[in-house]
Structure formats: C-alpha cells, structure tokens
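The values are calculated or read from the model by the stated rules, or taken from the named source; none is laboratory data. Because the structure is predicted, anything quoted here is derived from the model rather than measured. Every residue, glycine among them, receives a Cβ derived from its backbone with ideal geometry; neighbour counts consider all protein chains shown.
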Amino acid sequence: MAQSNKTSPPFRVYNASAGSGKTFALTVAFLEKILHAKTDDGYKKLLAITFTNKAVAEMKNRILGTLASFAQGDFTGGAGDLAKQILQGSTMTHAQLQAKSQAVLVHLLHHYAQFHVETIDRFNHRLLKTFSKDLKLSSNFEVSLETGLLLAEAVDALIDQAGRDDQITDLLVSFALNKTEESRSWDIAFDLNETAWMIVKENDAPHLAKLKDVPLGDFIEFAHKLRQEKEQREDDMRQIARDIMGLCDSHGILFEHLSYGSFIKIMQEVLDPRLVPSFDRKWAQNILQQDNPLEPRHRLYKTTAPREIKAAVDEHHDTIIKALVQIHRAFIEFTHLKNTLNQLVPLTVVEAIEKEFERIKKENNTLVISDFNKLLSEEIQNQPAPFIYERLGERFTHYFIDEFQDTSALQWQNLLPLIENNLAQADPTNPKHSLMIVGDPKQSIYRWRGGHPEQFIDLSQGKSAELPRPELITLGTNYRSHQHIVWFNNELYNFAAENLPNEDHKTLYKKGNEQNIHHKKNGFVSVEFLDKKQRDEDPKDQPYFLAIERIVKEQLLRGRGLGDLCILTRDNKKCTKIGGYLSEQGYGVVSEEALLIQNNPIVLALVALGYLSANPHQKRPRAHLGNLLYNTHKPEVTRMSFLRKITAHDLGEFHELLCELGIEFKLSQMAAMGLYDRFAYALSQFGWGQSDSAYVTQFMDWVFQYAKRPQATIWQLLAQWEQDKESLSLNSIGGQEAIQIMTIHKAKGLEFPVVIMPYAHESFNPTKVGHIWYPFLEEGFEKLPVRYSPSLAQYSPTGKEIDAGLRETYFFDTLNLYYVGTTRPTQELYILCDKLSNDSKSMSFNQVLKDFLIFKGLWREDLAQYSFGMLPTIETKIKKLPNTLSAPLEVVTPQQHPISMVPERRASSYWFDVGIGFGSLFHELMALVIQAEDYPEAIEQISRKYRLDEDQRQKAKALVEQTVRHTELSYLFAGDHEVFVERSIITPHGVLRPDRINMISANKAVVLDYKTGLAKVQDKDQITAYGAGLKAMGIEVEAHLIVYLREDPIVVNKI
C-alpha cells in the first residue's frame, strides 16, 4: 500500500480569520488520517467536534461528498484541490486514492454510527449516558430544550410557598414592598425568573456554588444592613442639598444667576424623589475629575449676574464645591448599595429555586443542556482516561475541534483528560495521536453563554499547563470576499485595534487583519452616516428604512435578485422592524426574526381570546383584541371609547359590542371546547380564516401539537406560548427570491453576495451588562452579584479593577461582532450608521468609522457617504424557483368536521356504556349547565361536537333532566347562586377539582360530585377532601352531595 511521507506535529492550532478556508483545512486533515490509514475503518478513531448542527452537517457533507468524488475518479474543481493536498508528500497515486476512497466510503456508510463528527453537546450526551449510573441518573433520561419553562415552573413553585414558610414569605413581601418604593412593579416573578437563569449559566455557576451553604438568615440580615446604609446615604445627600439651598436663599442666589443652573440644578434633583441627580454635565465633570476639586477655582455664575451675587458665590466657593463632591460620593455609594440590593433579594432564594428546579427535572426524568458540562466535570475530572475510553467503548486517537473560540472553560476542562492522555502518547516522527484546534478569537461573539476566546489565545501562545506548545498555523488568504472588501476590513480593523485596551487583543487584530487576496478582483464598500436631524419629523427608524429601500432598488436596477441580499442587525427587534417595513413595500422577506408569528395581529388576538376563555374578566387581553377590531372594523367611535367599552367588567357589554360589529361569538361556548377546537371556533366566528393564513396556520399547527400532550390545559398552553413565542416563526423555503434578514449572531459562518448593515453605531462601553460579581469579604461573602453601573469604577479600587476588565472584554466582544458582520459579504458591503455630532466623545463603532476616515484623509463634514472599490458586474443567472404549493387556510369548526379529535375510548358507541367514556362525556355536558334552562343548548352543543345519534341524544337528555329536576338538587340549578364548575382548589397536598361548587352565600357552599360507576368507599373521602379544601379557604360547606348516575333513577348521597 502507498505510504505517506508526511510528518506533522501532533498538536496544531490553526488561526483561521474570516473566509480563510478553515472547513477546507479540517476536511483535508480528516481525510488524510482516514485515507492514509492501514485499515478501512480508520475513521472510527477520529473525533471531530464543533458547536452547531449546521456546522456538523456542513463538515459531514464535505467529507462524504469528497470521498464520493474520489471514489468516482472525479478529481476536478474543489475535489481536485483537496486531492492535491492529500497526495502531497505521499507515494499514493490517483488510482490508489480512488480505490481507497471506495473502500473507506463503503465501510463508513455501513457503520455510519461510528462516524464521529458531532456537536460538543452530542458528545457530552454520550458521555452522560455512559456515566449515568455513577451520576445517579436514569439510563433513559430525556433532554429538555425548554429550560426557561422549567425555571418559570420552579419560580412559581417557590412563590406558592408564601404563607407556609415564614422566612420566604417575609423575604418575598419585603422584596415586593421595596420594588413599589422604587416605583417599580410589585410583581416579583419577573426578577426571580431573571435571577433563576443564573442557575444554568456557566459564567454564574461557580459563584453560586460558593453561596450554597450560606444560611438564609445571613442574606436577610445583610439585606437589612444594606437597606439601612442606602437610606442613610440618601438622607446625607438631602441634608447637604438642603444646606446649600438654604445658603443660596440667604444670599439671594437664584437659578438664573448661575451657568446652566450650575449646582442648584443638582441640589434640586437630589431633593426631588422623582428625579435622579446627573453629574454628567460638562462643568460638573471638570470639577469632579480633578485630584483637587478646589483648585483652580471655578466660575459658577454667569457674567451677567449682579455683583453682590458674584461676591457671595466666590465667598462660599469652597463650601459649594465640597458639598458637590460629598453628594457625588454619597450618590456613588447609594447607587452601589441599591444595585446590590436589587440583586441580593432574589439571590437569597436562588437555592430554594434550584431545589424546586432539580425536583421538577427529577419528576420528569429530564436534564437540560446546561447540566451536561456541570455533571461531567463532577465525574470525569478525577477519572483516568483509559477508564473513560473503556466506558465509551471507543478509543479516539485523533481529535479535531472547530470554532474553539466559542468553547467554554468547563467544556474544555471536560475534554482535557482525553486529549491530555492522547497527546502524552504522541510521537512526532510517527503521529498516531494528534490534536487539531481551529478557531478565530476575532469571531468570538458568545461570551455571554460561556465562550472564552482567551483560552484559544493562551493555547496558541503555549501558555497551557496541561498541553505542549503547539505549532501555530495562520491561514492567511481570504477566499470569500472580493479585493476591496478584504482591503477595507484589513485597514479598518488594523486601525481599530489601536483602541483595544488589552495587548493580546490588539496583537491579534493587527496580525489577523493582514489577509491576502485570492483571485477575486473589485468589490465595493459603502459607509453612510444618516443625519439625526431627519428624525425630528420622521419616526426614528425611518431614515434607515428609506436608506435600505434605496439600496435594494439600486440592486434590482443593476440586475440582482432579492435572494442575493442580506440585512444584518444587532438584535431581533430591529430585524422585525425592517422585515415589517420591507414586507409593507411589497418585497419578499425571509427571516426567522421578521417572520415571528407573535408579530401577527390575528395570532395575538387568538392568544388574547385564549386568555379570555380561561378567565373572561382580564382587561389586557380584551384591550389587545379591541385594538385589532378597531383597526379592522373601524367603528364610528373614538378608539378610547371603544376600548373602554370592550374592557368593561360586564361580559354582557363585551358580547353586545361584538354583536354590533356583526360577530356572533360567545366566550362560554369557546371555553367549553377542547384546546384546538376553541381556537378554530374563534377563527370561524371572527372571520379570520382567510387572512394572514401562513401565520395563522403556523399558530394552529403549534396548538394542535401541544393539544396532543396528556391532560393539557389552556393555562399550560398559554404558559408554553409565553415560553415559545420568541422562536416560533414561519418556515422559510430555501432558494426563494427574497431578502434575507437576520442577526449577526445567526449569520456567523455564512456568506452573501451583498450585505447591508444598518444601525452600525453600537457603543463600546458596557451598556448591556446585567450584573457583575463583587467581593464582600468583610461581610462574609466571597462575591455577590451587583447590577452594573458605570459609577462602579469610582466606588472603590476593586470596583475600578472590575470595571476596567469589563470594559476591556466588552470592547473586544463588540468589535468582534462588527468584524463578523463586515466579513460576511463576497461582493458588496453597505454600512449605515448615525452621524456623530462634532463634540461627540462616545466610543462607538460609528466613531471608529469616522476616525478611520479622518486618518485616511477622507472625512468631510458636508459628506455623508463614502465608498471604496468598484461595483462588480452582475452575471445574469437563470434561477430555478422552488416548487411550492400555495393553499388557503380553511377553518373547520367542530360542528362541521366529521371526525372528533378524541381518544378511541370515547367513540360514541361506548359513551353510554358505564365507564370512563360515559363519565367524560357527562362531566363535559354538565360543565355547560350552570342553571336548568342551559341544558337544551348544552345537549345540542355536545350532540354536534360528538355526533350523537338520536337514541344517545335522548339518553343524555333524560339523564340531565333527572339531575336538574331532582328534589335534592333542583335548587342548585335555579340560577340563584354563584357557580364554579371544575374549578381547581390548590392545597398543600395537591390540586383538587370538584365537579361543581354552589356558593349559597358569601362564605357558605354546597359541593357536588358526579359518579358514573359503582359506589366506592373512596368516593366519600374524595368529596370530604373537597370540603376540607374549601374550609381552609374560610368557606363553610353546608352539604357534600354525591350523585350516582348508574342507578335508575339516579341516587343522591348526602355526606
């Protein structure tokens, strides 16, 4: 067999800038190993890890596609380039390569499960399955992607403990009161849910682990101390402000005597509880930033002020300046205490939330993705590599890790035992063991979810304590973009690198932006500054919308198709706005963010009706519905008048209003239906079935899938909607002629002929940081979370150090984000950003662009648009449109369809046999009968829904008549009482659900329970438990009535 003469170092790190062919390099390395192996199953010893399913699919397709080409003797195009690399330094011929590829491909396809190109999560999942017994996990555990829903359930379970656990009750009440004092919503669930996410975030987990053993009482005591200190700082500020205002009053110093109101303005802000004092004014900063604020003396008054006022201000100059400095210092301390408190109270119960979270996961035999790394680190760190390999049943000798800059510290630590052991056996002269790492720290944009690009930098510099120094290979040619785009990015980011605070980051950007150009000439870049002054009259997004539309029109005139264009933004909201505008102008749009079904007004109205079917007195859902109806039906009243009427407490007015609009709809009828049927009923009655069919169809498909869950309720469905609505979007069809709109994060790894980047003015200051971990060693806490504020640097030397580190990484991460965006286009790049004012000192991306243009000698105050390069010639292509089927949405109501979506046991032939089916139908029927006169309509509705024949219909009618006319029951159906049907009672022992409760007075009730089977001893226990639940609520139960329907006539047993 032909041998390879190649010898390569066992540990190689590839620094792969954007467009430099990293997938090509990985494919070559992978194929070299399997095609030069002595056996055809060499691929079993290889493990390639990346971070997304899309990247896995791309790499697998590239490997399999290349093997298929080689096997067919096709060495042209891309396959030829790969073959050239693989054969270089080898005695293998093309014929031998073809034969080997045929053998390897056949073997691989017959053992595909052992072809290990997978995501890090998939590999970790296999490891967890292997060690499930050691970790005390069920061997058949499921992986849930609904982390947010599970956390919300855990928070709800904790809040439910209020009233039973005194400490938690006091804490939650105190927190709610504290929020109202700060003019924030008293609803604590939002803050607790936000804090609960710390449990699953790798960046927070190590800090939380150190707080697990801290007693709850310590947190409460510390919170009380902080609250006292905060109030003291507030009192100090106000006392100083009162003293200064008194001084001004005694000397007749008025606001108009001073420059810009000067210090009086700040004193007024301190004394007004509705305002926050601002020290950002230029004159204040000039004073506060000096080492000695008293020198030089500052002129605080206007030149036009009376002489005696000037003399008074000069006389008390030092007193005023000292007061300003003292207030500023007190305000910084007040802000720090407030920011600590805002995080501390939710943190005090995070351990309790975590316990509930673990309980819920255990009950559901479920793990979430974030559990993988934590559980593995607890088990694998102390296990020898041979033992891990033995458990896995496989031994890998060659590792390939892609996108290493996005690897978290914990993920890397979990891989290290295997990799370290593998490299320890490596022989540079005969490399049977190797590690290849590929990445680009400049494209690291996932620090917020644990990505740690500094790991890549340290590894490439040989700073790893566990691994030998690698051979560093820089892929220096850009194969993606045309000449002037490569030149622009090289020049721009080399210039921007000077602003990076960290020297490693600076070096990385300077060396990484010396890319060579492959063969693609021309290319075009446009940088446009949009004037803010236009926004005084137009909506703030309008200049961007108009600029984007202008570029789109220009592209179409030049012969481009919409499918060549991609718009990249920083966040989903901007994607949605742009997508909405372009859709209104008639352009085709493809975007998960812009096509979220929650942005469709009819879907929102359906959700509102879902809430109303569960609780008809909610005002907010009625308002949502009212806004849509006002826009579609245009009633001859003002919007406020219409909304006031539709949100009125009286349900009669609500239904009357709908009737006036020609809508025959009853909430009670909707509420009596199954989950899917109730939304189908709403669509039919409101006449929405034929409009926005794609959005509505997607929503109805989602409802249908959810409704199949066992015992799914409307409240569970609505809770799931709140969890899923940010990700539910219309499915886009690949290849269709439409503009693509996505976030920069989603675009990573992709390329487009034309990229438009609007809103390119992100600040490099850490404006979007939620919290930082600050040490409180003197208080007995190693670190606690504190909501970030720019004043942190002025609070203490520690705060200054934390703030500096945060600014360093935030600047780097933000620049990375723009680097990813501007390196996506192959032919044309359009950057749109705000125009900066002349005195702007904000460090932002548009400031970097302006400084770059000044550095190049191109900046002109009267020029808004700058261009580089030449517009490329567009080749006319005949594009084959995808075959699509357009079908209108047809709403079929329960009354119309011939099939009922019910379990087989409830087929009509069984309903009137004694058993579960009969009981289910009768309970549903009686839920519609609030008073005796309701039963004819109820019989009609159930007959239509379940297609009862005449005999079954008469049997049902006779049974209901017996019930409502029974001497011991008739008074309950007379319409004199408030009635609750199948209403849940939450008790410490679980949820109870009586069939019927009649409130015969404000605190007295009768409980009714229907039984379709034979009498059982537990029937009495069940209805007694219902009574006990009501008694715990302060309601006296006058009678417990069990109705046995099997007997003829029916029997009423009074307990």
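Just to check your reading of the model, which residue among Phe764, Phe776 is closer than 23 Å to Leu568 by Cβ and among the aromatic types (Phe, Trp, Tyr)?
Within the list Phe764, Phe776, the selection yields Phe764.
Among the residues of region 652-675, is any aromatic (Phe, Trp, Tyr) and surrounded by fewer than 17 Cβ atoms within 10 Å (Cβ to Cβ)?
no
How many residues does region 2-36 contain that are part of a loop (DSSP other than H, G, I, E, B), at pLDDT below 90 and under 17 Å from Met92 (Cα atoms)?
Of the residues in region 2-36, 5 are part of a loop (DSSP other than H, G, I, E, B), at pLDDT below 90 and under 17 Å from Met92 (Cα atoms).
Taking strands (runs of 3 or more DSSP E) that fall entirely within region 985-1055, which contain at least 2 residues that are farther than 17 Å from Glu968 by Cα?
Working: elements: 985-987, 990-992, 996-1001, 1004-1011, 1036-1044, 1051-1054.
Qualifying strands (runs of 3 or more DSSP E): 985-987, 990-992.
Could you check, for region 494-509, whether at least one of its residues is assigned to a helix (DSSP H, G or I), among the hydrophobic types (A, V, I, L, M, F, W, C) and touching a Lys or Arg at 6+ places or on another chain (Cβ under 7 Å)?
Yes; the residues of region 494-509 include at least one that is assigned to a helix (DSSP H, G or I), among the hydrophobic types (A, V, I, L, M, F, W, C) and touching a Lys or Arg at 6+ places or on another chain (Cβ under 7 Å).
Where residues in region 969-1013 are of a type in the set (Asp, Glu) and loosely packed, with under 13 Cβ neighbours inside 10 Å, which of them is modelled with the highest pLDDT?
Checked region 969-1013; the qualifying residue modelled with the highest pLDDT is Glu978.
Tell me whether region 183-204 contains one or more residues that are over 26 Å from the mean Cα position of the chain (by Cα), surrounded by fewer than 17 Cβ atoms within 10 Å (Cβ to Cβ) and either modelled with pLDDT under 80 or not assigned by TED's automatic domain parsing to the domain that holds Leu347 (or both).
Yes, region 183-204 contains a residue that is over 26 Å from the mean Cα position of the chain (by Cα), surrounded by fewer than 17 Cβ atoms within 10 Å (Cβ to Cβ) and either modelled with pLDDT under 80 or not assigned by TED's automatic domain parsing to the domain that holds Leu347 (or both).
For the subset of region 59-82 comprising residues that are crowded, with 16+ Cβ neighbours inside 10 Å and closer than 24 Å to Gly439 by Cα, which member is nearest to the chain's Cα centre (by Cα)?
Among residues in region 59-82 that are crowded, with 16+ Cβ neighbours inside 10 Å and closer than 24 Å to Gly439 by Cα, the one nearest to the chain's Cα centre (by Cα) is Met59.
Can you find a residue that is in contact with a Ser or Thr (Cβ under 6 Å, 6 or more places away or on another chain), modelled with pLDDT of 90 or more, buried (at least 17 other Cβ atoms within 10 Å of the Cβ) and within 20 Å of Ile744 (Cα to Cα) anywhere in region 528-535?
Scanning region 528-535, I find no residue that is in contact with a Ser or Thr (Cβ under 6 Å, 6 or more places away or on another chain), modelled with pLDDT of 90 or more, buried (at least 17 other Cβ atoms within 10 Å of the Cβ) and within 20 Å of Ile744 (Cα to Cα), so the answer is no.
Please give the number of the condition Glu466 fails out of (1) out of contact with any helix residue (DSSP H, G or I) (no Cβ under 6 Å at 6 or more places or on another chain); (2) in the same structural domain as Gly19 (by TED's automatic domain parsing); (3) in a loop (DSSP other than H, G, I, E, B).
Condition (1) is where Glu466 drops out.
Is it fair to say Lys362 is free of Cβ contacts under 8 Å to residues at least 12 places away in the same chain and more than 30 Å from Phe255 (Cα to Cα)? Write out each step before concluding.
Details: free of Cβ contacts under 8 Å to residues at least 12 places away in the same chain: yes; more than 30 Å from Phe255 (Cα to Cα): yes.
Criteria met by Lys362.
Collect the residues in region 742-786 that are under 30 Å from Leu562 (Cβ atoms) and of a type in the set (Val, Ile, Thr), keeping them in residue-number order.
Thr743, Ile744, Val754, Val755, Ile756
Please go through (1) free of Cβ contacts under 8 Å to residues at least 12 places away in the same chain; (2) not in a loop (DSSP other than H, G, I, E, B) for Gly857 and return the number of the only condition it doesn't satisfy.
So Gly857 meets the others, but not (2).
Return a yes/no flag: does region 144-154 have any residue that is in a loop (DSSP other than H, G, I, E, B) and not acidic (Asp, Glu).
Taking every residue of region 144-154 in turn, at least one turns out to be in a loop (DSSP other than H, G, I, E, B) and not acidic (Asp, Glu).
Consider Lys362 against the criteria (1) surrounded by fewer than 18 Cβ atoms within 10 Å (Cβ to Cβ); (2) part of a loop (DSSP other than H, G, I, E, B): it satisfies all of them except one. Which criterion is unmet?
(2)
Phe357 versus (1) in contact with a strand residue (DSSP E or B) (Cβ under 8 Å, 6 or more places away or on another chain); (2) part of a helix (DSSP H, G or I); (3) more than 22 Å from Met245 (Cβ to Cβ): which is the lone unmet condition?
Here Phe357 clears every test but (1).
I'm told Ser591 meets every condition in (1) under 22 Å from Ala680 (Cα atoms); (2) in contact with a Cys (Cβ under 7 Å, 6 or more places away or on another chain) except one. Can you identify the failing condition by its number?
Ser591 satisfies every listed condition except (1).
Each row is one residue, and each column tells you yes or no for (1) buried (at least 22 other Cβ atoms within 10 Å of the Cβ); (2) touching a Leu at 6+ places or on another chain (Cβ under 8 Å); (3) under 20 Å from Val848 (Cβ atoms); (4) free of Cβ contacts under 8 Å to residues at least 12 places away in the same chain.
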site	(1), (2), (3), (4)
Leu435	yes, yes, no, no
Gln443	yes, no, yes, no
Tyr446	no, no, no, no
Lys463	no, no, no, yes
Leu467	no, yes, no, no
Ile473	no, no, no, no
His482	yes, no, no, no
Val486	yes, no, yes, no
Asn490	no, no, yes, no
